[in-house]
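The values are calculated or read from the model by the stated rules, or taken from the named source; none is laboratory data. All of these numbers come straight from a predicted model, not from anything done at the bench. Using ideal geometry, Cβ is built from the backbone for each residue, glycine included, and neighbour counts are taken over all protein chains shown.
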Amino acid sequence: MGIVNVTPDSFSDGGLCVSPEDALRHALRLIEEGADLVDIGGESTRPGSNPVSVEEELRRILPVVKVLAERNVPVSIDTTKPEVMLAAIGAGAVMINDVNALRAEGALEAVAAGGVAACLMHMQGEPRSMQIQPHYDDVVAEVKEFLRQRLDAALAAGISPEQLIIDPGFGFGKTLDHNIALLRYLECFSDMNVPLLVGLSRKSMLGKITGNEVSDRVHASVAAALIAVAKGAKILRVHDVKATRDALAVYNAVQN
Ligand code: 7PJ
């Protein structure tokens with residue numbers, strides 16, 4: 001899954017794709033580099049970020065979704081808003097990637113009605129304040145319990161199990177130690193019987209481990225992605241598609 005942010009303020013590539021035209025060009029490049037789908041986001045969820053309106057989010061993403069869907073590129077939409085979900089599904093998106101795990105009123109219904117895939121991600125708190133003082137007694141158990149509850153809610157809303165994906169939400173209301181524990185014990189999520197998506201690409205935990213700025217985290221991101229795959233991840237949400245693809249080719253060549 002290649003990341004395309006149509007936002008002026010995303011932490012890792014902020015301003016790279018401010019216009020729909022730039023976003024479209026970037027999405028097509030990621031597909032050329034080997035992405036199976038692209039994740040389009042019109043609202044930054046980085047720590048401390050502020051929400052944007054439905055209208056602004058749609059203005060940013062809809063033109064991009066429409067053109068990509070016409071070209072049969074599978075599009076996921078990174079949003080927490082049911083109105084944005086419905087409009088994006090109408091424009092051809094095949095997946096909703098919700099860092100809020102469909103907790104907004106109407107979000108479960110939007111996905112159920114749309115018949116699309118949905119990624120349920122764990123987050124403690126909300127983007128504006130989530131990194132202030134994250135706390136868990138047992139991060140793996142608590143994240144897993146949250147995801148189990150959200151899976152149950154999705155199933156109860158009529159979403160089929162084949163449509164659902166889970167994600168522990170690296171960096172979303174978590175300290176470095178929490179993130180490392182989640183990656184170390186990632187295989188614990190395998191018994192939930194839905195595909196596991198992970199987003200580690202260029203994240204601050206990799207900056208803390210290596211001492212590198214966000215512009216210099218490609219190697220660390222690829223290492224983290226391979227660890228995740230070895231521990232059961234099925235979908236990697238990444239900025240650096242070519243680098244990740246090359247690493248996966250080597251990994252897959254030695255897997256049975
Ligand atoms: C994630 C995401 C993630 C899922 C972002 C960033 C911040 N969606 N959206 N998982 N992260 N499912 O790219 O660093 O980890 S935005």
Which members of the range 130-144 meet the condition of being within 18 Å of V99 (Cβ to Cβ) and surrounded by fewer than 12 Cβ atoms within 10 Å (Cβ to Cβ)? I132
Any chance the range 168-179 includes a residue that's farther than 18 Å from M1 by Cα, modelled with pLDDT of 95 or more, of a type in the set (A, V, I, L, M) and within 12 Å of the ligand (Cβ to nearest atom)? no
Could you tell me whether the range 55-77 includes any residue that is under 16 Å from the mean Cα position of the chain (by Cα), part of a loop (DSSP other than H, G, I, E, B) and modelled with pLDDT of 95 or more? yes
Specify which of the listed residues (G48, G41) is within 18 Å of G169 (Cα to Cα), in contact with a helix residue (DSSP H, G or I) (Cβ under 9 Å, 6 or more places away or on another chain), within 15 Å of the ligand (Cβ to nearest atom) and not charged (D, E, K, R). G41
Could you say which residue among E187, E142, E162 is without any contact (Cβ under 8 Å) to a residue 24 or more places away in the chain, more than 20 Å from T79 (Cβ to Cβ) and within 19 Å of the chain's Cα centre (by Cα)? E162
Would you mind finding the one in A141, A113, A104 that is assigned to a loop (DSSP other than H, G, I, E, B), modelled with pLDDT of 95 or more and either out of contact with any helix residue (DSSP H, G or I) (no Cβ under 8 Å at 6 or more places or on another chain) or away from the ligand (no atom under 13 Å from the Cβ) (or both)? A104
What pairs come out if I take residues in the range 226-239 that are at positive phi and pair them with residues that are away from the ligand (no atom under 11 Å from the Cβ) whose C-beta lies under 7 Å away, six or more apart or interchain? G232/L186; G232/E187; G232/F189; G232/S190
Considering (1) of a type in the set (G, A, S); (2) touching a strand residue (DSSP E or B) at 6+ places or on another chain (Cβ under 6 Å); (3) more than 16 Å from the ligand (Cβ to nearest atom), say which one G92 fails and leave the rest. (2)
